[in-house]
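Reviewing the structure listed below.
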Amino acid sequence: AGDWIWIGSDGPGMNYYSYQDDAIRTVPGTAVLREVHSIYEQNDSTLWIATNGYGVYEGKFTSYGGRPSMQSLSRVEFPAPLADVTKFFSIHPQMDTVIWFGSRGAGAASLNTSSGLIQVHEFPTDRGYASNEIFYVSKSAKMNFASGSGLVTYDERTGRSEISPDIPHRLIHGILNGADGDLWLSTNYGLVSYDESTG
């Protein structure tokens, strides 16, 4: 945002750092939020908020004098099997109108913000159900999901998903797309640089 940085917190509410005040403040209108885990600012009035235990919210905000204020918060209603899931750790904007949300235990969902269409994606469980524990989402040639069972990839052209055989099947916390085309993976067993083209 312009004069601030959004900050997730345990709550109640959500915070921001104000450059103007050189201080951390609570965003007015966010008292309902708890355990904010991920935030994505889609434009200058729309915010998407993922929480650990309270679901995903779309927020509409404005700013007065360089200070943000939430005008409305709407909880996203996901279809089954995500209907009862409340733990979401990650948000990834794939393009202007498609946003991905990674859940804890039920895979991921893509939301088309223009049409409102939500598609739920559950991943192969041949290496255990932890493949649907999604900690982070990114996009390269395919959609990439950091899971409890390793790197899960999803090819939108074919509709196929798989657990990468090249990466040890252990918990991955985060993914960074490198300038050289590699994926950098932070894991419980160290840092991995992965070349998608060669494996």
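Annotations
- Contact order for the chain, expressed relative to its length and based on alpha carbon pairs under 8 Å spaced 6+ residues apart, stands at 10 percent.
- Summed residue charge, Cβ within 13 Å of residue 101's Cβ, Lys/Arg positive, Asp/Glu negative: +1
- Point-charge dipole on Cβ atoms (K/R +1, D/E -1) for the range 29-103, about Cα centre, debye to 20: 220 debye
- Computed magnitude of the charge dipole of the range 117-157 (debye, nearest 20; Cβ of K, R +1, Cβ of D, E -1): 140 debye
- Note on the range 123-199: semi-axes of the ellipsoid equivalent to its C-alpha gyration tensor, largest first and rounded to whole Å, are 17, 15, 10.
- Cleavage-rule hits (GluC sites (Glu not before Pro)) in the range 136-199: DSSP loop, at most 15 neighbouring Cβ within 10 angstrom: 156
- Whole-percent pair-distance distribution, where bins are 10 Å wide, for the alpha carbons of the chain: 9, 34, 33, 19, 5, 0
- Neighbour cut-off at most 16 other Cβ (10 Å), DSSP loop, chymotrypsin sites (Phe, Trp or Tyr not before Pro), the range 18-67: 19
- Summing +1 for each Lys or Arg and -1 for each Asp or Glu among the other residues whose beta-carbon sits under 10 angstrom from that of residue 195 gives -4.
- Low-density loop cleavage sites - chymotrypsin sites (Phe, Trp or Tyr not before Pro) in the range 164-199, where at most 12 other Cβ are within 10 Å (DSSP): 189
- Vicinal HN-Hα couplings computed from phi for the range 13-18 (Karplus, 6.51 cos²θ - 1.76 cosθ + 1.60; Hz; Gly/Pro x): x, 10, 10, 8, 9, 9
- Fraction of accessible area attributable to carbon and sulfur, the chain (%, probe 1.4 Å): 47 percent
- In summary, the aspartates and glutamates within cross-link reach of residue 60, defined as a Cα separation below 15 angstrom excluding same-chain residues under 8 places away, comprise 41, 44.
The values are calculated or read from the model by the stated rules, or taken from the named source; none is laboratory data. For clarity, every value in this text was computed on a predicted model and none was experimentally measured. Quick reminder, even Gly has a Cβ in these numbers, built from the backbone with ideal geometry, and neighbours come from all protein chains shown. The area values use the complete protein model at the heavy-atom level, side chains included, leaving out ligands, DNA and RNA. Shrake-Rupley method; radii C 1.70, N 1.55, O 1.52, S 1.80 Å.
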